[in-house]
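This report refers to the structure that appears directly beneath it.
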Amino acid sequence: MDYRRLGRSGLKVSELSLGSWVTYGNQLDIAGATECMAAAWDAGVNFFDNAQVYAAGKSEEIMGQVLKKLAWPRLRYVVSTKFYWGITDGPNEKNTLNRKYLLDAIGGSLKRLQLEHVDLVYCHRPDANTPIDETVWAMHDMIQRGQALYWGTSEWSAADIAQAWHIAERHHLHKPVVEQPEYNIFHRDRVEKEYARLYGDLGIGLTTWSPLASGLLTGKYKNGIPADSRAAIPRMKFLVEDLTDKKKNAAVGDLEMLARELGCSVAQLAIAWCAKNPNVSSVITGASKVAQVKDNMKAVDVLPKLKPDVMERIDAATAALAD
Ligand SMILES: NC(=O)c1ccc[n+]([C@@H]2O[C@H](COP(=O)([O-])OP(=O)(O)OC[C@H]3O[C@@H](n4cnc5c(N)ncnc54)[C@H](OP(=O)(O)O)[C@@H]3O)[C@@H](O)[C@H]2O)c1
(Lines give C-alpha, C1' and ligand atoms only; values in the text may rest on other atoms or scores of the structure.)
Protein backbone atom coordinates (compact mmCIF):
# COMPACT_ATOMS: atom_id res chain seq x y z
CA MET A 1 0.00 0.00 0.00
CA ASP A 2 1.31 3.43 -0.88
CA TYR A 3 0.44 6.61 0.99
CA ARG A 4 -0.41 9.78 -0.88
CA ARG A 5 -0.60 13.40 0.18
CA LEU A 6 -4.10 14.69 0.63
CA GLY A 7 -3.83 17.30 -2.10
CA ARG A 8 -1.37 20.01 -1.11
CA SER A 9 -1.78 19.26 2.60
CA GLY A 10 0.90 17.28 4.40
CA LEU A 11 -1.51 14.56 5.54
CA LYS A 12 -0.75 11.14 4.06
CA VAL A 13 -3.60 8.75 3.38
CA SER A 14 -3.47 5.19 2.11
CA GLU A 15 -4.23 5.01 -1.62
CA LEU A 16 -7.10 2.65 -0.72
CA SER A 17 -9.34 3.37 2.26
CA LEU A 18 -12.51 1.90 3.77
CA GLY A 19 -15.88 3.57 4.31
CA SER A 20 -19.01 2.64 6.22
CA TRP A 21 -21.97 3.84 4.08
CA VAL A 22 -24.88 1.32 3.91
CA THR A 23 -22.81 -1.33 5.67
CA TYR A 24 -22.24 -0.31 9.33
CA GLY A 25 -25.43 -0.53 11.33
CA ASN A 26 -27.29 -2.26 8.47
CA GLN A 27 -25.26 -5.15 7.07
CA LEU A 28 -22.44 -5.17 9.64
CA ASP A 29 -22.60 -5.14 13.45
CA ILE A 30 -19.61 -4.40 15.69
CA ALA A 31 -18.09 -7.86 15.16
CA GLY A 32 -18.39 -7.65 11.36
CA ALA A 33 -17.10 -4.07 11.24
CA THR A 34 -14.15 -5.08 13.45
CA GLU A 35 -13.22 -7.88 11.05
CA CYS A 36 -13.43 -5.56 8.04
CA MET A 37 -11.47 -2.69 9.60
CA ALA A 38 -8.81 -5.09 10.91
CA ALA A 39 -8.43 -6.69 7.47
CA ALA A 40 -8.11 -3.27 5.85
CA TRP A 41 -5.56 -2.21 8.48
CA ASP A 42 -3.56 -5.39 7.89
CA ALA A 43 -3.47 -4.48 4.19
CA GLY A 44 -2.08 -1.02 5.05
CA VAL A 45 -5.23 1.11 5.13
CA ASN A 46 -4.89 4.12 7.44
CA PHE A 47 -8.04 6.05 6.47
CA PHE A 48 -11.58 5.17 7.55
CA ASP A 49 -14.47 7.23 6.21
CA ASN A 50 -17.75 7.90 7.99
CA ALA A 51 -20.58 10.45 8.13
CA GLN A 52 -23.01 11.69 10.74
CA VAL A 53 -25.95 10.60 8.59
CA TYR A 54 -24.80 6.99 7.98
CA ALA A 55 -27.35 4.77 9.75
CA ALA A 56 -28.41 7.95 11.59
CA GLY A 57 -25.31 8.04 13.80
CA LYS A 58 -25.10 4.27 14.34
CA SER A 59 -22.22 3.97 11.87
CA GLU A 60 -20.13 6.43 13.91
CA GLU A 61 -21.04 4.57 17.10
CA ILE A 62 -19.91 1.25 15.61
CA MET A 63 -16.67 2.69 14.26
CA GLY A 64 -16.00 4.29 17.65
CA GLN A 65 -16.41 0.96 19.41
CA VAL A 66 -14.24 -0.82 16.85
CA LEU A 67 -11.46 1.76 17.20
CA LYS A 68 -11.60 1.41 20.97
CA LYS A 69 -11.44 -2.36 20.74
CA LEU A 70 -8.60 -2.45 18.20
CA ALA A 71 -6.71 0.25 20.13
CA TRP A 72 -4.45 1.36 17.28
CA PRO A 73 -2.19 4.33 18.06
CA ARG A 74 -4.21 7.49 17.31
CA LEU A 75 -1.42 8.96 15.20
CA ARG A 76 -1.52 5.98 12.85
CA TYR A 77 -5.08 6.33 11.54
CA VAL A 78 -7.22 8.99 9.90
CA VAL A 79 -10.96 9.16 10.57
CA SER A 80 -13.43 11.37 8.81
CA THR A 81 -17.01 12.40 9.22
CA LYS A 82 -19.37 14.56 7.18
CA PHE A 83 -22.16 17.00 7.91
CA TYR A 84 -25.17 18.31 6.00
CA TRP A 85 -28.26 16.11 6.21
CA GLY A 86 -28.50 15.94 9.99
CA ILE A 87 -30.06 13.23 12.12
CA THR A 88 -32.68 15.16 14.09
CA ASP A 89 -35.62 17.25 12.93
CA GLY A 90 -35.70 21.03 13.07
CA PRO A 91 -35.05 24.08 10.91
CA ASN A 92 -31.36 24.20 11.93
CA GLU A 93 -30.80 20.45 12.09
CA LYS A 94 -31.35 19.21 8.54
CA ASN A 95 -30.00 20.00 5.06
CA THR A 96 -27.84 22.85 6.22
CA LEU A 97 -24.24 23.98 6.56
CA ASN A 98 -25.05 26.87 8.86
CA ARG A 99 -22.79 27.72 11.76
CA LYS A 100 -25.27 26.62 14.41
CA TYR A 101 -25.71 23.12 12.96
CA LEU A 102 -22.04 22.51 12.11
CA LEU A 103 -20.63 23.53 15.49
CA ASP A 104 -23.24 21.39 17.25
CA ALA A 105 -22.89 18.39 14.91
CA ILE A 106 -19.17 17.89 15.51
CA GLY A 107 -19.75 17.41 19.25
CA GLY A 108 -22.20 14.57 18.66
CA SER A 109 -19.92 12.85 16.16
CA LEU A 110 -16.91 13.00 18.49
CA LYS A 111 -19.01 11.49 21.27
CA ARG A 112 -20.23 8.64 19.04
CA LEU A 113 -16.74 8.01 17.67
CA GLN A 114 -15.24 8.26 21.18
CA LEU A 115 -12.52 10.51 19.79
CA GLU A 116 -11.11 13.88 20.82
CA HIS A 117 -10.85 14.96 17.20
CA VAL A 118 -11.58 13.71 13.71
CA ASP A 119 -8.83 14.13 11.16
CA LEU A 120 -11.05 15.14 8.28
CA VAL A 121 -14.46 16.72 8.22
CA TYR A 122 -16.45 17.22 5.05
CA CYS A 123 -19.38 19.43 4.13
CA HIS A 124 -21.38 16.49 2.75
CA ARG A 125 -23.27 18.53 0.13
CA PRO A 126 -23.46 22.22 -0.81
CA ASP A 127 -26.10 24.37 0.93
CA ALA A 128 -27.62 27.08 -1.21
CA ASN A 129 -29.29 28.63 1.86
CA THR A 130 -26.15 29.44 3.81
CA PRO A 131 -23.55 31.95 2.59
CA ILE A 132 -20.34 30.12 1.79
CA ASP A 133 -18.36 32.47 4.06
CA GLU A 134 -20.48 31.42 7.06
CA THR A 135 -19.66 27.77 6.36
CA VAL A 136 -15.96 28.50 5.82
CA TRP A 137 -15.73 30.37 9.14
CA ALA A 138 -17.53 27.53 10.96
CA MET A 139 -15.17 24.89 9.50
CA HIS A 140 -12.19 27.08 10.42
CA ASP A 141 -13.48 27.44 13.97
CA MET A 142 -14.00 23.68 14.28
CA ILE A 143 -10.32 23.24 13.44
CA GLN A 144 -9.23 26.08 15.75
CA ARG A 145 -11.12 24.39 18.59
CA GLY A 146 -9.16 21.19 17.97
CA GLN A 147 -12.24 19.16 17.00
CA ALA A 148 -11.00 18.48 13.44
CA LEU A 149 -7.63 18.77 11.72
CA TYR A 150 -8.52 19.33 8.05
CA TRP A 151 -11.70 20.08 6.18
CA GLY A 152 -13.15 19.60 2.74
CA THR A 153 -16.28 19.26 0.67
CA SER A 154 -18.27 16.49 -0.96
CA GLU A 155 -20.03 16.87 -4.30
CA TRP A 156 -19.64 20.63 -4.38
CA SER A 157 -19.35 22.39 -7.73
CA ALA A 158 -15.86 23.49 -8.78
CA ALA A 159 -17.06 27.10 -8.57
CA ASP A 160 -18.26 26.72 -4.96
CA ILE A 161 -15.05 24.96 -3.91
CA ALA A 162 -12.97 27.74 -5.48
CA GLN A 163 -15.12 30.37 -3.75
CA ALA A 164 -14.67 28.68 -0.35
CA TRP A 165 -10.92 28.41 -0.91
CA HIS A 166 -10.60 32.08 -1.86
CA ILE A 167 -12.68 33.23 1.14
CA ALA A 168 -10.35 31.25 3.41
CA GLU A 169 -7.29 32.66 1.64
CA ARG A 170 -8.57 36.23 1.97
CA HIS A 171 -9.22 35.92 5.71
CA HIS A 172 -6.23 33.65 6.54
CA LEU A 173 -8.54 30.80 7.57
CA HIS A 174 -8.02 27.05 7.28
CA LYS A 175 -8.69 26.25 3.63
CA PRO A 176 -10.59 23.26 2.26
CA VAL A 177 -7.94 20.71 1.23
CA VAL A 178 -10.03 17.88 -0.17
CA GLU A 179 -13.18 17.11 -2.16
CA GLN A 180 -15.02 13.78 -1.97
CA PRO A 181 -16.76 13.02 -5.28
CA GLU A 182 -18.16 9.88 -6.83
CA TYR A 183 -15.59 8.45 -9.24
CA ASN A 184 -15.60 5.15 -11.08
CA ILE A 185 -15.30 3.79 -14.61
CA PHE A 186 -18.93 4.76 -15.30
CA HIS A 187 -18.85 8.17 -13.58
CA ARG A 188 -15.89 10.31 -14.55
CA ASP A 189 -16.78 13.76 -15.84
CA ARG A 190 -16.74 15.81 -12.66
CA VAL A 191 -13.32 14.52 -11.56
CA GLU A 192 -11.75 14.56 -15.01
CA LYS A 193 -13.32 17.74 -16.44
CA GLU A 194 -15.16 20.02 -14.03
CA TYR A 195 -12.53 19.82 -11.28
CA ALA A 196 -9.50 19.97 -13.60
CA ARG A 197 -8.33 23.40 -12.40
CA LEU A 198 -8.73 22.65 -8.69
CA TYR A 199 -5.78 20.28 -8.43
CA GLY A 200 -2.91 22.42 -9.67
CA ASP A 201 -4.36 25.86 -8.94
CA LEU A 202 -5.74 25.27 -5.44
CA GLY A 203 -4.05 22.03 -4.36
CA ILE A 204 -7.32 20.20 -3.73
CA GLY A 205 -6.94 16.44 -3.20
CA LEU A 206 -9.64 13.83 -3.80
CA THR A 207 -10.95 10.99 -1.70
CA THR A 208 -13.31 9.30 -4.14
CA TRP A 209 -16.41 7.19 -3.47
CA SER A 210 -18.21 4.21 -4.99
CA PRO A 211 -15.27 2.83 -6.99
CA LEU A 212 -17.39 -0.21 -7.86
CA ALA A 213 -20.50 1.87 -8.69
CA SER A 214 -22.18 0.24 -5.67
CA GLY A 215 -21.20 -3.26 -6.83
CA LEU A 216 -22.03 -3.02 -10.55
CA LEU A 217 -18.31 -3.24 -11.33
CA THR A 218 -17.97 -6.62 -9.61
CA GLY A 219 -20.12 -8.40 -12.21
CA LYS A 220 -22.59 -9.55 -9.52
CA TYR A 221 -25.58 -7.93 -11.25
CA LYS A 222 -25.12 -9.53 -14.68
CA ASN A 223 -27.83 -12.11 -14.05
CA GLY A 224 -30.17 -10.20 -11.76
CA ILE A 225 -30.02 -9.12 -8.14
CA PRO A 226 -28.32 -11.46 -5.62
CA ALA A 227 -30.33 -11.77 -2.40
CA ASP A 228 -27.42 -10.66 -0.18
CA SER A 229 -26.47 -7.63 -2.28
CA ARG A 230 -26.95 -3.88 -1.79
CA ALA A 231 -29.59 -3.75 -4.53
CA ALA A 232 -31.75 -6.19 -2.55
CA ILE A 233 -31.97 -3.79 0.42
CA PRO A 234 -35.41 -2.14 0.17
CA ARG A 235 -34.26 1.44 0.87
CA MET A 236 -31.49 1.12 -1.74
CA LYS A 237 -34.07 0.55 -4.50
CA PHE A 238 -33.03 3.81 -6.15
CA LEU A 239 -29.85 2.04 -7.29
CA VAL A 240 -31.58 -0.90 -8.99
CA GLU A 241 -32.10 0.67 -12.41
CA ASP A 242 -28.41 1.51 -12.78
CA LEU A 243 -27.14 -1.73 -11.23
CA THR A 244 -29.20 -3.85 -13.62
CA ASP A 245 -28.60 -1.71 -16.72
CA LYS A 246 -28.11 -4.18 -19.58
CA LYS A 247 -25.52 -2.18 -21.53
CA LYS A 248 -23.42 -1.46 -18.46
CA ASN A 249 -23.55 -5.11 -17.38
CA ALA A 250 -22.48 -6.18 -20.88
CA ALA A 251 -19.52 -3.77 -20.61
CA VAL A 252 -18.67 -5.27 -17.22
CA GLY A 253 -18.60 -8.65 -19.01
CA ASP A 254 -15.96 -7.22 -21.40
CA LEU A 255 -13.98 -5.90 -18.44
CA GLU A 256 -14.13 -9.33 -16.82
CA MET A 257 -12.35 -10.80 -19.84
CA LEU A 258 -9.68 -8.10 -19.61
CA ALA A 259 -9.32 -8.70 -15.86
CA ARG A 260 -8.86 -12.41 -16.48
CA GLU A 261 -5.99 -11.65 -18.89
CA LEU A 262 -4.39 -9.48 -16.21
CA GLY A 263 -4.86 -12.17 -13.57
CA CYS A 264 -7.21 -10.18 -11.35
CA SER A 265 -10.92 -9.73 -10.62
CA VAL A 266 -12.99 -7.05 -12.32
CA ALA A 267 -13.49 -5.39 -8.90
CA GLN A 268 -9.73 -5.14 -8.43
CA LEU A 269 -9.37 -3.75 -11.95
CA ALA A 270 -12.08 -1.11 -11.31
CA ILE A 271 -10.57 -0.01 -7.99
CA ALA A 272 -7.07 0.16 -9.45
CA TRP A 273 -8.47 2.24 -12.34
CA CYS A 274 -9.60 4.91 -9.84
CA ALA A 275 -6.26 4.89 -8.03
CA LYS A 276 -4.43 5.30 -11.33
CA ASN A 277 -5.64 8.91 -11.52
CA PRO A 278 -2.82 10.98 -9.96
CA ASN A 279 -5.31 13.54 -8.61
CA VAL A 280 -6.89 10.87 -6.41
CA SER A 281 -5.39 10.81 -2.92
CA SER A 282 -7.43 7.82 -1.74
CA VAL A 283 -10.06 5.52 -3.25
CA ILE A 284 -12.68 4.87 -0.57
CA THR A 285 -13.82 1.29 -0.89
CA GLY A 286 -16.89 -0.28 0.72
CA ALA A 287 -17.53 -3.86 1.81
CA SER A 288 -20.32 -5.83 3.46
CA LYS A 289 -18.08 -8.87 4.05
CA VAL A 290 -14.48 -9.27 5.17
CA ALA A 291 -13.70 -11.40 2.09
CA GLN A 292 -14.56 -8.36 -0.07
CA VAL A 293 -12.08 -6.21 1.86
CA LYS A 294 -9.34 -8.78 1.38
CA ASP A 295 -10.16 -9.11 -2.33
CA ASN A 296 -10.40 -5.37 -2.95
CA MET A 297 -7.16 -4.47 -1.19
CA LYS A 298 -5.26 -6.59 -3.73
CA ALA A 299 -6.13 -3.87 -6.28
CA VAL A 300 -2.82 -2.23 -5.33
CA ASP A 301 -1.04 -5.08 -7.13
CA VAL A 302 -3.07 -4.39 -10.29
CA LEU A 303 -2.07 -0.71 -10.49
CA PRO A 304 1.30 -1.33 -12.22
CA LYS A 305 -0.52 -3.45 -14.81
CA LEU A 306 -2.64 -0.52 -16.01
CA LYS A 307 -0.44 0.36 -18.96
CA PRO A 308 -1.76 2.72 -21.68
CA ASP A 309 -3.06 -0.17 -23.84
CA VAL A 310 -5.05 -1.56 -20.89
CA MET A 311 -6.50 1.89 -20.12
CA GLU A 312 -7.48 2.20 -23.80
CA ARG A 313 -9.28 -1.12 -23.70
CA ILE A 314 -11.18 -0.06 -20.56
CA ASP A 315 -12.19 3.15 -22.34
CA ALA A 316 -13.23 1.27 -25.48
CA ALA A 317 -15.52 -0.98 -23.40
CA THR A 318 -17.05 1.71 -21.20
CA ALA A 319 -16.46 5.33 -22.27
CA ALA A 320 -19.68 5.59 -24.27
CA LEU A 321 -21.68 4.58 -21.17
CA ALA A 322 -19.86 6.86 -18.72
CA ASP A 323 -21.10 10.21 -17.44
N1 LIG B 1 -19.44 11.54 0.07
C2 LIG B 1 -20.50 10.88 -0.34
O3 LIG B 1 -21.53 11.45 -0.69
C4 LIG B 1 -20.42 9.39 -0.40
C5 LIG B 1 -21.42 8.65 -1.07
C6 LIG B 1 -21.31 7.26 -1.12
C7 LIG B 1 -20.22 6.64 -0.52
N8 LIG B 1 -19.28 7.37 0.15
C9 LIG B 1 -18.13 6.74 0.83
O10 LIG B 1 -17.47 5.84 -0.05
C11 LIG B 1 -17.47 4.54 0.51
C12 LIG B 1 -17.51 3.51 -0.59
O13 LIG B 1 -18.71 3.67 -1.36
P14 LIG B 1 -19.51 2.39 -1.82
O15 LIG B 1 -19.76 1.53 -0.64
O16 LIG B 1 -20.63 2.84 -2.65
O17 LIG B 1 -18.35 1.70 -2.71
P18 LIG B 1 -18.46 0.62 -3.89
O19 LIG B 1 -17.11 0.00 -3.96
O20 LIG B 1 -18.98 1.24 -5.13
O21 LIG B 1 -19.53 -0.45 -3.40
C22 LIG B 1 -19.27 -1.24 -2.28
C23 LIG B 1 -20.26 -2.38 -2.22
O24 LIG B 1 -20.06 -3.27 -3.33
C25 LIG B 1 -20.12 -4.62 -2.90
N26 LIG B 1 -18.75 -5.17 -3.01
C27 LIG B 1 -17.59 -4.61 -2.62
N28 LIG B 1 -16.53 -5.37 -2.92
C29 LIG B 1 -17.03 -6.47 -3.52
C30 LIG B 1 -16.42 -7.62 -4.08
N31 LIG B 1 -15.10 -7.77 -4.07
N32 LIG B 1 -17.22 -8.56 -4.63
C33 LIG B 1 -18.56 -8.41 -4.64
N34 LIG B 1 -19.21 -7.33 -4.13
C35 LIG B 1 -18.44 -6.36 -3.58
C36 LIG B 1 -20.58 -4.56 -1.43
O37 LIG B 1 -22.01 -4.51 -1.41
P38 LIG B 1 -22.95 -5.80 -1.22
O39 LIG B 1 -22.09 -6.93 -0.74
O40 LIG B 1 -23.96 -5.37 -0.23
O41 LIG B 1 -23.56 -6.04 -2.57
C42 LIG B 1 -20.05 -3.24 -0.98
O43 LIG B 1 -20.69 -2.71 0.15
C44 LIG B 1 -18.67 4.53 1.46
O45 LIG B 1 -18.57 3.57 2.47
C46 LIG B 1 -18.59 5.93 2.03
O47 LIG B 1 -17.60 5.98 3.04
C48 LIG B 1 -19.37 8.72 0.20
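The values are calculated or read from the model by the stated rules, or taken from the named source; none is laboratory data. All values derive from a computational prediction rather than experimental measurement. FYI the Cβ positions are ideal-geometry reconstructions off the backbone, even for glycines, and counts take in every protein chain you see.
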Query raised in the report: Among the residues of the stretch 278-312 satisfying the criterion of being within 13 Å of the ligand (Cβ to nearest atom) and of a type in the set (S, T, N, Q), which is farthest from residue 31 (Cα to Cα)?
Result: 282
**Report entry** Qualifying position, being in contact with a helix residue (DSSP H, G or I) (Cβ under 6 Å, 6 or more places away or on another chain), without any contact (Cβ under 8 Å) to a residue 24 or more places away in the chain and within 28 Å of residue 133 (Cα to Cα), among 92, 50
**Finding:** 92
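Looking only at the stretch 53-65, which residues are on the phi < 0 side of the Ramachandran plot and surrounded by fewer than 24 Cβ atoms within 10 Å (Cβ to Cβ)?
Here is the first cut: in the stretch 53-65, the residues on the phi < 0 side of the Ramachandran plot are 53-54, 58-65.
Listed by number, the residues that qualify are 53, 58, 61, 64, 65.
Every residue, every condition in (1) under 21 Å from residue 181 (Cβ atoms); (2) touching a Ser or Thr at 6+ places or on another chain (Cβ under 6 Å); (3) acidic (Asp, Glu); (4) surrounded by 16 or more Cβ atoms within 10 Å (Cβ to Cβ), yes or no:
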position: 23; (1), (2), (3), (4): yes, yes, no, yes
position: 28; (1), (2), (3), (4): no, no, no, yes
position: 33; (1), (2), (3), (4): no, no, no, yes
position: 36; (1), (2), (3), (4): no, no, no, yes
position: 42; (1), (2), (3), (4): no, no, yes, no
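Each row is one residue, and each column tells you yes or no for (1) within 15 Å of the ligand (Cβ to nearest atom); (2) within 23 Å of residue 142 (Cα to Cα); (3) modelled with pLDDT of 95 or more.
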site	(1), (2), (3)
14	yes, no, yes
33	yes, no, yes
54	yes, yes, yes
69	no, no, yes
83	yes, yes, yes
**Report entry** Tally, over the stretch 85-108, of residues that are assigned to a helix (DSSP H, G or I) and either within 14 Å of the ligand (Cβ to nearest atom) or of a type in the set (Val, Ile, Thr) (or both)
**Finding:** 1
**Report entry** Scope the stretch 167-180; condition part of a loop (DSSP other than H, G, I, E, B), free of Cβ contacts under 8 Å to residues at least 60 places away in the same chain and touching a strand residue (DSSP E or B) at 6+ places or on another chain (Cβ under 8 Å); matching residues
**Finding:** 174
Query raised in the report: Which residues, taken from the stretch 137-148, are more than 18 Å from residue 96 (Cα to Cα) and either touching a residue at least 12 places away in the same chain (Cβ under 8 Å) or buried (at least 17 other Cβ atoms within 10 Å of the Cβ) (or both)?
Result: 143, 144, 146, 147, 148
Query - Candidates 251, 270 - the one that is within 9 Å of the ligand (Cβ to nearest atom) and touching a residue at least 40 places away in the same chain (Cβ under 8 Å) - result: 270
Query raised in the report: touching a residue at least 40 places away in the same chain (Cβ under 8 Å) and under 18 Å from the mean Cα position of the chain (by Cα): does that describe residue 59?
Result: no
Report task. Would you point out the residue of the stretch 216-241, among those that are out of contact with any strand residue (DSSP E or B) (no Cβ under 9 Å at 6 or more places or on another chain) and within 13 Å of residue 185 (Cβ to Cβ), that is surrounded by the fewest Cβ atoms within 10 Å (Cβ to Cβ)? Result -> 219
Query raised in the report: Taking helices (runs of 4 or more DSSP H) that do not extend beyond the stretch 233-323, which have at least 1 residues that are aromatic (Phe, Trp, Tyr)?
Result: 266-276
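Condition check ((1) in a loop (DSSP other than H, G, I, E, B); (2) over 29 Å from residue 103 (Cβ atoms); (3) more than 14 Å from the ligand (Cβ to nearest atom); (4) of a type in the set (A, V, I, L, M, F, W, C)) across all residues:
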position: 122; (1), (2), (3), (4): no, no, no, no
position: 135; (1), (2), (3), (4): no, no, yes, no
position: 150; (1), (2), (3), (4): no, no, yes, no
position: 165; (1), (2), (3), (4): no, no, yes, yes
position: 192; (1), (2), (3), (4): no, yes, yes, no
position: 200; (1), (2), (3), (4): no, yes, yes, no
position: 214; (1), (2), (3), (4): no, yes, no, no
position: 226; (1), (2), (3), (4): yes, yes, no, no
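Looking at residue 167, is it farther than 26 Å from residue 47 by Cα and in contact with a Leu (Cβ under 9 Å, 6 or more places away or on another chain)? Working first, answer last.
Details: farther than 26 Å from residue 47 by Cα: yes; in contact with a Leu (Cβ under 9 Å, 6 or more places away or on another chain): yes.
Yes; evaluated as a whole, the condition is true for this residue.
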Query - Qualifying positions in the stretch 229-248 - in contact (Cβ under 8 Å) with a residue 24 or more places away in the chain and more than 28 Å from residue 280 (Cα to Cα) - result: 233
Query - Among the candidates 242, 315, residue that is within 14 Å of the ligand (Cβ to nearest atom) and acidic (Asp, Glu) - result: 242
